[in-house]
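So the structure is just underneath, and the comments pick up after that.
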Amino acid sequence: MSTQFEVVVDVDRPIDDVFAYLADGRNDPEFSPRVLSMEKSPDGDTHVGTVFHSTVKDAGMRSQRDFEIHELTAPTRVRWHEVSHNSITAEEGGYDLEPTPGGTRVRLFNVLEGHGVGKMLLPLAAGAARRDAPAFGRRIKEAVEASA
């Protein structure tokens, strides 16, 4: 069983700047309060095969999550999937970017999958993600625009 959430936000920055910022997952803690830390392997530019190692806090519990970039098309598309084993994982996620007059439209999505007990928790986690989606979009917008 899987479920998806998404958010679309307009950012007042050129598409190349937005892509560069979002493709570097080490920026995630700046707009995602659940991400406590993020590291990248290997160092250098993000490319297909790059893995971002994160420590997150969900529902008061810390977990380790690893996301591998499996598609990267500058400056319009980033795709990842979770390679760690948790009760709820992001089987697919990504950013779609398109230029707009004066900025960039960003669509973020994640397809969440429940495993074991996570199958029962998935509706709660998905509901929380959907409720937070508008605020999450605002945090992305503010963080990217502040990175100028």
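The values are calculated or read from the model by the stated rules, or taken from the named source; none is laboratory data. Predicted, not measured: the structure shown is a model, and the values here were computed from it. Backbone-built Cβ (ideal geometry, glycine too); neighbour counts: all protein chains shown. Ligands, DNA and RNA are excluded from the accessible area calculation, which covers all protein heavy atoms including side chains. Shrake-Rupley method; radii C 1.70, N 1.55, O 1.52, S 1.80 Å.
When restricted to residues that are among the aliphatic types (A, V, I, L, M) and open to solvent by less than 10 Å² (accessible area, probe 1.4 Å), the range 112-142 contains 4.
Looking only at the range 59-92, residues that are without any contact (Cβ under 8 Å) to a residue 12 or more places away in the chain and of a type in the set (S, T, N, Q) come to 1 in all. For residues that are aliphatic (A, V, I, L, M) and open to solvent by less than 40 Å² (accessible area, probe 1.4 Å), scanning just the range 1-34, find the one that is nearest to residue 87 (Cα to Cα). Ranking the candidates gives 7 first. Residues in the range 21-58 that are free of Cβ contacts under 8 Å to residues at least 12 places away in the same chain and within 21 Å of residue 77 (Cβ to Cβ): 44, 45.
Taken as a whole, the structure places residue 109 among residues that are open to solvent by less than 50 Å² (accessible area, probe 1.4 Å) and closer than 17 Å to residue 128 by Cβ.
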